[in-house]
Amino acid sequence: MKTRIYFFLIALWSCDSCSEPETRNKQFSFLKEESTGIDFNNKLDYTEDFNMYTYRNFYNGAGVGIGDFNNDGLVDLYLCANMLSNKLYLNKGNFKFEDVTERSGVSASGSWSTGVSIADVNGDHWQDIYVCKSGKPGGPKRHNELFMNNGDGTFTEKSQEWGLDIVGLSTHAVFFDYDNDGDLDCYMLTNSIRSVGNYDLVKDQRAIPDPLGGGNKLLENVGGHFIDVTKKAGIYSSQIGFGLGVTIGDMNKDGWQDIFVSNDFFERDYLYLNQANGTFREVIEQEMKSLSMGSMGADMADINNDAYPDLFITEMLPQSNSRLKTKMTFDTWNHHQMLVQNGYYYQYPRNILQLNNGDGTFSEIGRLAGVESTDWSWGALIFDMDNDGWKDIFVANGIYKDLLDQDYVNFMANPEAIRSMISEKKSAITKLIEIIPSTPIANYAFKNLKDLRFKNQSQSWGLDQLGFSNGSAYADFDNDGDLDLVVNNVNQPAGIYRNNNNLTNPQNHYLKFELHGAGSNTAAFGTKVTLYSGDKTFYLEKIPTRGFQSSVDPRLNFGVGELSEIDKARIEWPSGKVTELNNLKVNQTISVSEK
């Protein structure tokens, strides 16, 4: 598995396959920099001192953040970079964007950015930006940064003031109200700083907190300052936590937010059920029968319209026969049994789709659904791409160097060849990296077939550009009721895709909700909205932090197919209050306040 050969990470390849002309006869159109004004490229250059040997997550990429930062009704775009500065683009309408990074003060330059979370942290009705940091230890601005929105087009960094200036290998953070007290708390997802090869599958390691403070953290918002409540809340913070994805939602529909953490390498995933008393209970072995081995990105949404959230987790299983045989290794039976016997549970190298049975259990249907193999996959997003009323699945895909390539693995296993290269060549490490194959691959767009099965439509939908994609997010940039897509790529321009649903599927309608909370949780994170029309049900939950290192459009956008009216909308606020709206015409945006 990835644990045993992770040394062999990645180098540089430049792809201009995204430069094909725009077409509107497909579901999505790729928009060029000349059209949008978005000139972003997460370019990575390794050196003899800093590369995947010295930093194992060198090619994990960075995130995408969506939010209306100037409150003009158009959602804007924030893109994270690893070695370069992050960038903020204001939406000027009609898919035109203006780079305002320099004057806004949110570049987060001089450090390695990973995930981005968009939330109104201080409750002043202006969206703030929280950037997680990782990369090589040491150096300036190594801590996570909180950019508070001043409401005048500028931001001020206030992470220390708010207790969020955390230093570690942070992957992502999610803001949510876990104790239902009206303000936003924070779950901090981090990667252990320890080497993966230093573990031997010892039992009960996850229960031992990391003395260096490298584990995951739950932070409670207490009067405008975040306090570490990890231990008393029952959250694991050990050295074996290699978290790559964190997903929040009310899994059991009890009115309290639960937490799912996808862990890379040998450690199993975590499912924390909120006990409604400030603590969580980890229950994954009781509720799920099988998990992904090297879990990466994840998303939570209702795929079968039963109003219960389901869960999709990405892994690394290739689909094609050639890549399956040349880029993949599998566990032996003995190693698998050792995992199970020592408490690491039943893990398998494939994507996992957990169908919520509504009774405290899940059924793993990834292979039945046809979504189990998408190659080296990061971002996972579940949303209705064609507004037919059934949520589809997008997977951001690719690794810049095929470090699982079996020819390279065999070469690295030859000590004579390695010694010869090191003794005869200067810059031996970079030479080793250069010979790792690099193969761009397409992302996946799975259409929901409405019977628990999905079909890959990436080519027919215009999302099959080859590359190396990581973070991704959806947003309705032009307010036309369909969800556009942004993909953050390694060593190539970011992908901006306009959704052409009004042309390709004009019969399919939408209903959008802007939700406003009563307390300092001004955007009403955690609110659940259910639509009813005849025998049809549609369900969404407002948690914008999704996928991999990214945050999506905070407005809830329902595809409702050919319906012209919705009988009832039931809005369940985190406070327990309920709002019901009746006889709603489709193709409109409805603003609802908890007050």
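The values are calculated or read from the model by the stated rules, or taken from the named source; none is laboratory data. What you see is a predicted model; the values in this text were computed from it and never measured. All Cβ positions, glycine included, derive from the backbone under ideal geometry; neighbour counts span all protein chains shown. Accessible surface is based on the protein model in full, side chains and every heavy atom, while ligands, DNA and RNA are left aside. Shrake-Rupley method; radii C 1.70, N 1.55, O 1.52, S 1.80 Å.
Answer yes or no as to whether Tyr53 is over 26 Å from Gly153 (Cα atoms), part of a loop (DSSP other than H, G, I, E, B) and either over 21 Å from the mean Cα position of the chain (by Cα) or of a type in the set (A, V, I, L, M) (or both).
Numbers: over 26 Å from Gly153 (Cα atoms): yes; part of a loop (DSSP other than H, G, I, E, B): yes; either over 21 Å from the mean Cα position of the chain (by Cα) or of a type in the set (A, V, I, L, M) (or both): yes.
Answer is yes for this residue.
Residues that are in contact with an Asp or Glu (Cβ under 7 Å, 6 or more places away or on another chain), in contact (Cβ under 8 Å) with a residue 60 or more places away in the chain, among the hydroxyl-bearing types (Ser, Thr, Tyr) and not in a loop (DSSP other than H, G, I, E, B): does region 540-551 have at least one?
no
Here are some residues: Ile118, Ile166. Which one is of a type in the set (A, V, I, L, M), in contact with a Pro (Cβ under 7 Å, 6 or more places away or on another chain) and under 23 Å from Ser262 (Cα atoms)?
On the way: Ile166 fails: in contact with a Pro (Cβ under 7 Å, 6 or more places away or on another chain).
After ruling out the rest, the residue left standing is Ile118.
Which of the residues belonging to region 366-404 are touching a Lys or Arg at 6+ places or on another chain (Cβ under 6 Å) and under 21 Å from Ile433 (Cα atoms)?
Scanning region 366-404 gives Asp402, Leu404.
Please enumerate the residues belonging to region 302-322 that are among the small types (Gly, Ala, Ser) and at pLDDT 95 or above.
Within region 302-322, just Ala307 meets the criteria.
At pLDDT 95 or above, small (Gly, Ala, Ser) and open to solvent by less than 10 Å² (accessible area, probe 1.4 Å), is that true of Gly559?
Numbers: at pLDDT 95 or above: yes; small (Gly, Ala, Ser): yes; open to solvent by less than 10 Å² (accessible area, probe 1.4 Å): yes.
Taking the combined requirement at face value, the residue satisfies it.
For region 189-225, enumerate the residues that are assigned to a strand (DSSP E or B) and in contact with a helix residue (DSSP H, G or I) (Cβ under 9 Å, 6 or more places away or on another chain).
Lys217, Leu218, Leu219, Glu220, Asn221
Scan region 199-246 residue by residue and report those that are among the polar types (S, T, N, Q), over 16 Å from Asn263 (Cα atoms) and surrounded by 22 or more Cβ atoms within 10 Å (Cβ to Cβ).
Matches in region 199-246: Asn221 only.
All but one of (1) open to solvent by 10 Å² or more (accessible area, probe 1.4 Å); (2) within 29 Å of Asn505 (Cα to Cα); (3) aliphatic (A, V, I, L, M) hold for Val395, so report the exception by its number.
It fails just one condition, (1).
If you check Met300 against the conditions, is it in contact (Cβ under 8 Å) with a residue 12 or more places away in the chain and either among the charged types (D, E, K, R) or farther than 27 Å from Asp183 by Cα (or both)?
Spelling it out, it is not the case that Met300 is in contact (Cβ under 8 Å) with a residue 12 or more places away in the chain and either among the charged types (D, E, K, R) or farther than 27 Å from Asp183 by Cα (or both).
Output the number of residues of region 160-176 satisfying the condition of being charged (D, E, K, R) and either in contact with a helix residue (DSSP H, G or I) (Cβ under 7 Å, 6 or more places away or on another chain) or within 20 Å of Ser551 (Cβ to Cβ) (or both).
The qualifying residues number 1.
Which residue, of Asp375, Asp402, Asp388, Asp407, is open to solvent by 10 Å² or more (accessible area, probe 1.4 Å), in a loop (DSSP other than H, G, I, E, B) and more than 21 Å from Gly245 (Cβ to Cβ)?
Every option except Asp388 fails the conditions.
Out of region 279-294, which residues are open to solvent by less than 10 Å² (accessible area, probe 1.4 Å) and either at positive phi or at pLDDT 95 or above (or both)?
Result: Val283, Ile284, Met288, Leu291, Ser292.
Is it the case, given these coordinates, that Gly360 is part of a loop (DSSP other than H, G, I, E, B) and surrounded by fewer than 20 Cβ atoms within 10 Å (Cβ to Cβ)? Break it down into steps so the answer makes sense when it comes.
Numbers: part of a loop (DSSP other than H, G, I, E, B): yes; surrounded by fewer than 20 Cβ atoms within 10 Å (Cβ to Cβ): yes.
Yes.
Name every residue in region 468-485 that is over 12 Å from Asn557 (Cβ atoms) and surrounded by fewer than 24 Cβ atoms within 10 Å (Cβ to Cβ), in order of residue number.
Passing the criteria: only Asp478.
For residues that are open to solvent by 10 Å² or more (accessible area, probe 1.4 Å) and at pLDDT below 85, scanning just region 176-195, find the one that is nearest to Lys133 (Cα to Cα).
Ranking the qualifying residues of region 176-195, first place goes to Ile193.
Please verify whether Trp461 is under 30 Å from Asn502 (Cα atoms) and open to solvent by 50 Å² or more (accessible area, probe 1.4 Å), treating the condition exactly as stated.
Details: under 30 Å from Asn502 (Cα atoms): yes; open to solvent by 50 Å² or more (accessible area, probe 1.4 Å): no.
Criteria not met by Trp461.
Return yes or no: is Val586 open to solvent by 30 Å² or more (accessible area, probe 1.4 Å), of a type in the set (A, V, I, L, M, F, W, C) and at pLDDT 95 or above? Spell out the reasoning first.
Numbers: open to solvent by 30 Å² or more (accessible area, probe 1.4 Å): no; of a type in the set (A, V, I, L, M, F, W, C): yes; at pLDDT 95 or above: yes.
So Val586 fails the test.
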